[in-house]
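**Q** Pasting a structure here, questions to come.
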Amino acid sequence: MKPTRVLIAPNAFKHSLDATAVALAIQEGLQKSTLDCVCKCFPVGDGGDGTGALIIQKHKGTLVSVQVSDPFDRKITSLFGLVNEGDTAIIEMANASGIQLVKPEELNPLRATSFGTGELIKAALDKGVKKFVLAIGGSATVDGGTGILRALGIRFLDAANNELTIPERLTALTRIDLSNLDQRILACDITILCDVENTLLGDEGSAAVFGPQKGATPNGVKKLDASLATFAQVARQQTGIDMTIVRHGGAAGGVAAGLHTFLNARLVNGIDFFLEFTGFSEVLANADLVITGEGSIDEQTLHGKGPFGVAYQAKQKNLPVIGLAGKIPLEQNAKLNQYFDVLLAVGNGPTDMTTALGCTEQNLVRTAWQLGNLLAMNSR
């Protein structure tokens, strides 16, 4: 009997392990089990932290080091990648404007900006890049992308022609000056990878949903929403584009909406783009079983998250799919059951979040080992 060909294609487990580490832990557990198998690791990204690094790695790209500004205008050394013979830049927003660059006590989305990500884009333009792929997960900002746009030459002005440089001041915005925009960017193809579908404003908007994760108080959320609303209103007056209705527009603190409006960026489902750009279908063709996973698998997973993208394509090939997660629904879920044959929680009993996050790797190894033994019994 031939060995079972297992394709291991997990997303990152947020705040714990990146996708590569998750895949290797699952592989270790399976190889320790009694299952006769051949494993292929194919870690995935849906636009969240680490997506860009995976794309660069899979395309054997080169890294470029650049001095940029962090979310609070402090100079740091950051990176972007070049693939396709230098024609395409892969930029991770988290590398310049990320929440991991800021101490927890410093988090303040009323003042944090995405300017550093714009500096990465400008550095890539200087390299002659014509295409951009932006992974925008993990940001510390809710500035509507105004920081990026400022780095590229756009000015946001109040009634007295004072430049507005932080999100909390955008409520005073009356005019957007495009005269100094770097014209090179308008000739480029820009693709933004999104892992959420939220629009810009309101209860399901950028400030309300993501602001608290980035340090916003309830009052801060109201201020940010008002700032983004003013930005959207002035932008519509000048461009004719209503950024408040753009699907995915609320991603990364509204960066998606801002860049779509002013740079004609394409907003795409991150996992779908990733799987196509990295040749997932070719790998899938040589699998008998697919294992995916991330920190939590629930109905939200079906809205553009990594495991859903993997499971959807696997089901098109009639392959069995197993999902591993730190958290899964307590009850059977008919929608999830269409794509996941089995969902397994990797925890080893009730525990606090900090302990659980610290034990993710060993929990994955143990769960995969038990899973492998179970599959081996079934194949006898």
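The values are calculated or read from the model by the stated rules, or taken from the named source; none is laboratory data. Note that this is a predicted model, so its numbers are computed, not measured. All Cβ positions, glycine included, derive from the backbone under ideal geometry; neighbour counts span all protein chains shown.
**Q** Among the residues of segment 45-59, write down those that are assigned to a loop (DSSP other than H, G, I, E, B) and over 15 Å from H15 (Cα atoms).
**A** Taking segment 45-59 as the starting set, the residues that turn out to be assigned to a loop (DSSP other than H, G, I, E, B) are 45-50, 59.
Of everything in segment 45-59, those that are assigned to a loop (DSSP other than H, G, I, E, B) and over 15 Å from H15 (Cα atoms) turn out to be D46, G47, H59.
**Q** Which ones in segment 352-378 are in a loop (DSSP other than H, G, I, E, B) and surrounded by 13 or more Cβ atoms within 10 Å (Cβ to Cβ)? Lay out the reasoning, then the answer.
**A** Residues of segment 352-378 that are in a loop (DSSP other than H, G, I, E, B), as a first pass: 352, 359.
Scanning segment 352-378 gives a single hit, C359.
**Q** Filter segment 192-226 down to the residues that are polar (S, T, N, Q) and under 24 Å from R266 (Cβ atoms) and list them by number. Let's see the steps before the verdict.
**A** Restricting attention to segment 192-226, the residues satisfying the condition of being polar (S, T, N, Q) are 198-199, 206, 213, 217, 219.
If the condition is that a residue be polar (S, T, N, Q) and under 24 Å from R266 (Cβ atoms), then N198, T199, S206 are the ones that fit.
**Q** Criterion first (surrounded by 14 or more Cβ atoms within 10 Å (Cβ to Cβ) and under 30 Å from N84 (Cα atoms)) does V209 satisfy it?
**A** Working: surrounded by 14 or more Cβ atoms within 10 Å (Cβ to Cβ): yes; under 30 Å from N84 (Cα atoms): no.
No; evaluated as a whole, the condition is false for this residue.
**Q** I've got another one for you. Filter segment 210-245 down to the residues that are of a type in the set (A, V, I, L, M, F, W, C), in a helix (DSSP H, G or I) and at pLDDT 95 or above and list them by number.
**A** Those that are of a type in the set (A, V, I, L, M, F, W, C), in a helix (DSSP H, G or I) and at pLDDT 95 or above: V221, L224, A226, L228, A229, F231, A232, V234, A235, M243, I245.
**Q** Oh, and also: Kindly indicate whether any position in segment 228-242 is within 29 Å of K315 (Cβ to Cβ) and aliphatic (A, V, I, L, M).
**A** No: zero hits.
**Q** One residue is enough: does segment 315-335 have a residue meeting the conditions at pLDDT 95 or above, part of a helix (DSSP H, G or I) and farther than 19 Å from T51 by Cβ?
**A** So far as segment 315-335 goes, yes, one or more of its residues are at pLDDT 95 or above, part of a helix (DSSP H, G or I) and farther than 19 Å from T51 by Cβ.
**Q** What number of residues within segment 116-146 satisfy the criterion of being in a helix (DSSP H, G or I) and in contact with an Asp or Glu (Cβ under 7 Å, 6 or more places away or on another chain)?
**A** Quick first cut of segment 116-146, residues in a helix (DSSP H, G or I) only: 116-126, 146.
Next, from what is left, pick out any that are in contact with an Asp or Glu (Cβ under 7 Å, 6 or more places away or on another chain): 116, 122, 125.
The number of residues fulfilling the criteria is 3.
**Q** Related question: Quick one: count up the residues across segment 236-254 that are crowded, with 24+ Cβ neighbours inside 10 Å and farther than 17 Å from L173 by Cβ. Step through it out loud before you land on a result.
**A** Applying the first criterion (crowded, with 24+ Cβ neighbours inside 10 Å) to segment 236-254 yields 243, 248-254.
Narrowing further to those that are farther than 17 Å from L173 by Cβ: 248-252.
Looking only at that region, the number is 5.
**Q** Of these, G249, G211, G253, which one is closer than 16 Å to A140 by Cα and either touching a strand residue (DSSP E or B) at 6+ places or on another chain (Cβ under 8 Å) or not assigned by TED's automatic domain parsing to the domain that holds S114 (or both)? Can you show your working first?
**A** Working: G249 fails: closer than 16 Å to A140 by Cα; G211 fails: either touching a strand residue (DSSP E or B) at 6+ places or on another chain (Cβ under 8 Å) or not assigned by TED's automatic domain parsing to the domain that holds S114 (or both).
Checking each option against the conditions leaves just G253.
**Q** For segment 70-87, which residues satisfy the criterion of being at negative phi, of a type in the set (S, T, N, Q) and surrounded by fewer than 24 Cβ atoms within 10 Å (Cβ to Cβ)? Spell out the reasoning first.
**A** So the first thing to find is which residues in segment 70-87 are at negative phi, and the list is 70-72, 74-83, 87.
With the extra rule that they be of a type in the set (S, T, N, Q), the set shrinks to 77-78.
Across segment 70-87, the qualifying residue is only T77.
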